[in-house]
Amino acid sequence: MYDANFKILLFGDDTEGKKTFTQKFMINLFSEGHEDTIGVDFEVKSLLVDEYKIKLQIWDISGEGRFRSFLPTYISHARGGLFVYDVTEKSSLTNIDFWLDIVKKDLTEEKTFPIIAVGIIPDSEKERQIFYEEGLKLAEFHRLDGFIECNVKSGEKIEKLFGAISKLMLERSPPPTEPAIAKSSRKAKKNALIAKKKRKKEKKNRKSKQ
């Protein structure tokens, strides 16, 4: 049983960094389910955030032009977004305006959701074309909800990234009830208390019969 079920969009140019991020981590390490759809890869991940058990439906949207007409359909009902770019390809960051325009085009104020910019970094700094400060500055300029760089080989900060976006989504769309874990714990304590009282009563009854 999940406390919340969130749909996350993974969007940006189809670079090697984005593909590696998706294939290596979303599928091989994180995924509990995989589904291919026209122009999108669909993954499922569950995690625990502040005692809430969350199910993430992660939609990796293709950047290919022939699939862009499907984007409005995929964006529907999303609760969070990750704009992913490759620090070895300058255009993947400068195209942020194009992607944000598509994602935010038909969103009303009530339907807006948190977006974090994610820079995929290579093993060698010599390959880097986009510096950390550039990504951070552009994320701040577009008033995104966060910025992070991740190394797809080491997996550094990947879990932190999904934890961060999940917390933001919980803040925007809090579950209507208390966490299932807390509820289960409270129920277990209540049952233990009832059992303790029952044992005391039985012990008292045995003494009275002696």
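The values are calculated or read from the model by the stated rules, or taken from the named source; none is laboratory data. Note that the structure is a prediction, hence the values are computed from the model and not measured. Positions of Cβ are backbone-derived with ideal geometry, glycine not excepted, and every protein chain shown enters the neighbour counts.
Details
- Of residues in segment 96-137 being acidic (Asp, Glu) and not in a helix (DSSP H, G or I), the one nearest to GLY163 (Cα to Cα): ASP123
- Residue within segment 37-51 that is in contact with a Leu (Cβ under 6 Å, 6 or more places away or on another chain) and modelled with pLDDT of 70 or more present: yes
- Filtered residues of segment 138-161 (kept if in a loop (DSSP other than H, G, I, E, B) and either touching a Phe, Trp or Tyr at 6+ places or on another chain (Cβ under 8 Å) or closer than 15 Å to THR88 by Cα (or both)): LEU144, VAL152, LYS153, GLY155
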